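Presented below is the structure to which this report refers.
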Amino acid sequence: MIKYKLACKNCNLTFDSWFATSNEYEKLKKKKLLNCHNCNSREVDKTVMSPKIINYGFNEKLKEKSQNIKNIKKTLQEYQKFIKNNFKYVGKNFAYEARSIHYNDKKEQKGIYGSASKKDLKELKEEGIDAQIIPWVENKSN
Ligand SMILES: [Zn+2]
């Protein structure tokens, strides 16, 4: 036996009903043999899943999401490692260094990376200096 909480869409009455199996419920519903004790409406349906089931699905989604975030973070960290190995860190002097490379035609072997303000980036772009923005994750565990 299985107990379902049923709700009437017509009068909003909720009531418990017993069925032999969950299939029996489906069968009765298909044949429109379920009706409201109060208003006799056939618009009767199982009420939403128990909170436990909803929470379970929600947690699964969260887990999936945090897994994705972990993957993104890992990708970024690998990207950062590559940058750290191949580019020269110039810190807040990024805009200055980028200009000196651009205008003085410094034959730098390495590219540079550092931080720049949005205003700096906009000005650099207007001067035809390409700068790539990447999100930077701080890894305090390393
Ligand atoms: Zn009703």
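No value in this document is a laboratory result; all are computed from the given coordinates. It should be emphasised that the depicted structure is a prediction, and the values quoted were computed from it without experimental measurement. Heads up, the Cβs are rebuilt from the backbone with ideal geometry, glycines too, and the neighbour counts pull from every protein chain shown.
At R0 = 35 Å, how high is the FRET efficiency between Y89 and E64 if r is their beta carbon distance? Nearest 0.05 is fine. Efficiency for this residue pair is about 0.50. For V44, V90, the sequence from fewest to most other C-beta atoms within 10 Å is V90, V44. Sequence-distant contacts, meaning Cα pairs under 8 Å at least 6 residues apart, place the relative contact order of region 2-46 at 44 percent.
Only Lys, Arg, Asp and Glu carry charge here, each on its Cβ (+1 for the first two, -1 for the last two); on that basis region 58-126 has a dipole of about 240 debye about its Cα centre. Given their separation in residues at 0.36 nm each and the Cα-Cα distance between them, N71 and C11 gain 16.7 nm when the chain is fully extended. Taking the fewest neighbouring Cβ atoms within 10 Å as the starting point, the ordered list for R99, R42 is R42, R99.
Ordering N68, I101, Y79 by the projection of their Cα atoms onto the charge dipole of region 58-126, which places +1 on the Cβ of Lys and Arg and -1 on the Cβ of Asp and Glu, puts N68 at the extreme positive end.
Of W18, W136, the sequence from fewest to most neighbouring Cβ atoms within 10 angstrom is W18, W136.
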